[in-house]
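The values are calculated or read from the model by the stated rules, or taken from the named source; none is laboratory data. Everything numeric in this text was worked out from a predicted model, so none of it was measured. Cβ atoms come from the backbone with ideal geometry, glycine included; neighbour counts cover every protein chain shown. Heads up: the accessible areas ignore ligands, DNA and RNA and are worked out on the full protein's heavy atoms, side chains in. Shrake-Rupley method; radii C 1.70, N 1.55, O 1.52, S 1.80 Å.
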Amino acid sequence: ALELRSYLEQFTDANIEPREPGSTEPTPAGLPLLVVGTAAHNPLAATLLKQSGLETRLPPLGPEGYLLKSLRYDGHPTLLVAANTPRGLTNGVYGLLEHFGVRFTMHGSRLPSRGALRLPEVDEAKAPAFARRRLVDLVRRRAARTGELDGAGPVSPRAVERKAEAGQRQARRLAKMA
């Protein structure tokens, strides 16, 4: 939630007041709600999931998947970011930021023009396409475990770094082509 707040403050005029899960403090009428959490740790997220019949959509998304859903709760326009784990919530926050117009590149993020906070209409459930998405880390771990790089025999730590850097360069080239 703090990451979302940090980004929103950079391109909206909204005064975002985070609240602890389970807070009973009333929200002024008409203000939008951004509810970020897992059902296990955020009672309001659990309530919204149950009342909206969304609790069955979350488990199949796994530990890194997330759900974004526009709702109304207690007279407030509400946007729910829910996941099964904190990692899934992080993915959901970044997914939501993309709906606000934030673009993430290998060279940093690009923010939309500054303006009023308007909650997007969204109904999205996403899970990663790949179980493992850390190619560079996998190369380093395999080399550390086996002492070999791609079956070429014993290698130095610098050779492992060069292989990882080559993978990063390839990823950048592919990103430019996309």
Considering only the range 55-66, I want to know if a residue exists there that is within 16 Å of Leu119 (Cβ to Cβ) and open to solvent by less than 30 Å² (accessible area, probe 1.4 Å). no
Restricting the first residue to the range 1-28 and requiring it to be of a type in the set (Lys, Arg), which pairs with a second residue that is in a loop (DSSP other than H, G, I, E, B) and open to solvent by less than 60 Å² (accessible area, probe 1.4 Å) meet a Cβ separation below 9 Å and a spacing of at least six or different chains? Arg5/Ile16; Arg19/Thr27
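How many of the residues in the range 39-54 are under 19 Å from Glu17 (Cα atoms) and either buried (at least 16 other Cβ atoms within 10 Å of the Cβ) or in contact with a helix residue (DSSP H, G or I) (Cβ under 9 Å, 6 or more places away or on another chain) (or both)?
Looking only at the range 39-54, we keep the residues that are under 19 Å from Glu17 (Cα atoms), and these are 41-45.
In the following step, the residues that additionally are either buried (at least 16 other Cβ atoms within 10 Å of the Cβ) or in contact with a helix residue (DSSP H, G or I) (Cβ under 9 Å, 6 or more places away or on another chain) (or both) were identified as 41-42, 44-45.
Residues that pass the stated criteria total 4.
Hey, could you check the range 4-19 for residues that are within 19 Å of Leu68 (Cβ to Cβ), not small (Gly, Ala, Ser) and not in a helix (DSSP H, G or I) and say which is most open to solvent (accessible area, probe 1.4 Å)? Can you show your working first?
Going residue by residue through the range 4-19, those that are within 19 Å of Leu68 (Cβ to Cβ) are 4-8, 11-12, 14, 16, 18.
Remaining after also requiring not small (Gly, Ala, Ser): 4-5, 7-8, 11-12, 16, 18.
Still in the running and not in a helix (DSSP H, G or I): 12, 16, 18.
Numbers: Thr12: 5, Ile16: 33, Pro18: 75 Å².
Once the filter is applied, the top-ranked residue is Pro18.
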Checking Thr78 against (1) without any contact (Cβ under 8 Å) to a residue 60 or more places away in the chain; (2) within 12 Å of the chain's Cα centre (by Cα), which test does it fail? (2)
Would you confirm, using the coordinates I've provided, whether Leu34 is open to solvent by 20 Å² or more (accessible area, probe 1.4 Å), under 30 Å from Ser113 (Cβ atoms) and under 19 Å from the mean Cα position of the chain (by Cα)? yes
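Name every residue in the range 20-48 that is part of a loop (DSSP other than H, G, I, E, B) and among the hydroxyl-bearing types (Ser, Thr, Tyr), in order of residue number. Explain how you work it out, then say what you get.
Taking the range 20-48 and keeping what is part of a loop (DSSP other than H, G, I, E, B), we get 20-32, 39-42.
Correct list: Ser23, Thr24, Thr27.
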From (1) open to solvent by 70 Å² or more (accessible area, probe 1.4 Å); (2) within 19 Å of the chain's Cα centre (by Cα), pick out the condition that doesn't hold for Ser70. (1)
Selection from the range 108-149 of residues at pLDDT below 85 and exposed (fewer than 10 other Cβ atoms within 10 Å of the Cβ) yields Ala129, Phe130, Ala131, Arg132, Arg145
